[in-house]
Amino acid sequence: ALLPPIPLYRRLLRAHRHKLSPEKRVLGDEYVKAEFRRHKDVENPLFIVGFLKEWQLYAQAVEGETWRDGKLEEGKLEMMSDQQIGQLYELMRAIRRGDVDPGGETEGG
């Protein structure tokens, strides 16, 4: 069963607190907060279910620490918009460089 948005949001932040290094936690927390903020007014039920499902899978991966070896499925990448692919690329660059400022912005972002 899918968790409602607020309990899922709390679960994600809690998983970050317990399972991620301080640097990755800052990046992860800011990304989660921004994504939930960006999607708070979505009304399409199919999109909402997909959004919650993917974040719940991510929470399970972080809690089980399987995210470290995880790879993005090709089918998911093909379903992403150009904007989403750009965000994913910027996130990857920020993680590799570790260039997150205290405000949660990545360099160039």
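The values are calculated or read from the model by the stated rules, or taken from the named source; none is laboratory data. Keep in mind that this is a model prediction, so the values were computed, not measured. Because the Cβ atoms are built from the backbone with ideal geometry, glycine has one as well, and the counts that use them run over all protein chains shown. Just so you know, the surface numbers come from the protein's heavy atoms only, side chains and all, with ligands and any DNA or RNA stripped out. Shrake-Rupley method; radii C 1.70, N 1.55, O 1.52, S 1.80 Å.
If you go through segment 1-13 one residue at a time, how many are touching a helix residue (DSSP H, G or I) at 6+ places or on another chain (Cβ under 9 Å) and not aliphatic (A, V, I, L, M)?
Residues in segment 1-13 being touching a helix residue (DSSP H, G or I) at 6+ places or on another chain (Cβ under 9 Å) and not aliphatic (A, V, I, L, M): 4 in total.
Give the number of residues within segment 81-97 that are of a type in the set (S, T, N, Q) and either in the same structural domain as Glu23 (by the TED database) or open to solvent by 60 Å² or more (accessible area, probe 1.4 Å) (or both).
2
So which residues in segment 27-61 are among the polar types (S, T, N, Q) and free of Cβ contacts under 8 Å to residues at least 12 places away in the same chain, if there are any at all?
The first filter runs over segment 27-61 and keeps only residues among the polar types (S, T, N, Q), leaving 44, 56, 60.
Asn44, Gln60 - these are the residues of segment 27-61 that are among the polar types (S, T, N, Q) and free of Cβ contacts under 8 Å to residues at least 12 places away in the same chain.
Residue check, Leu46 against (1) modelled with pLDDT of 90 or more; (2) under 13 Å from the mean Cα position of the chain (by Cα), all met but one. Which one?
(2)
Please tell me if Gly75 is of a type outside the set (A, V, I, L, M, F, W, C), touching a His at 6+ places or on another chain (Cβ under 6 Å) and open to solvent by less than 70 Å² (accessible area, probe 1.4 Å).
For Gly75, the condition - of a type outside the set (A, V, I, L, M, F, W, C), touching a His at 6+ places or on another chain (Cβ under 6 Å) and open to solvent by less than 70 Å² (accessible area, probe 1.4 Å) - is not met.
Under 6 Å between Cβ atoms, at least 6 apart or on separate chains: pull out the pairs that start in segment 6-20 with a residue that is assigned by the TED database to the domain that holds Glu35 and in contact (Cβ under 8 Å) with a residue 40 or more places away in the chain and end on any residue that is of a type in the set (Lys, Arg) and surrounded by 13 or more Cβ atoms within 10 Å (Cβ to Cβ).
Filtered contacts from segment 6-20: His16/Arg25.
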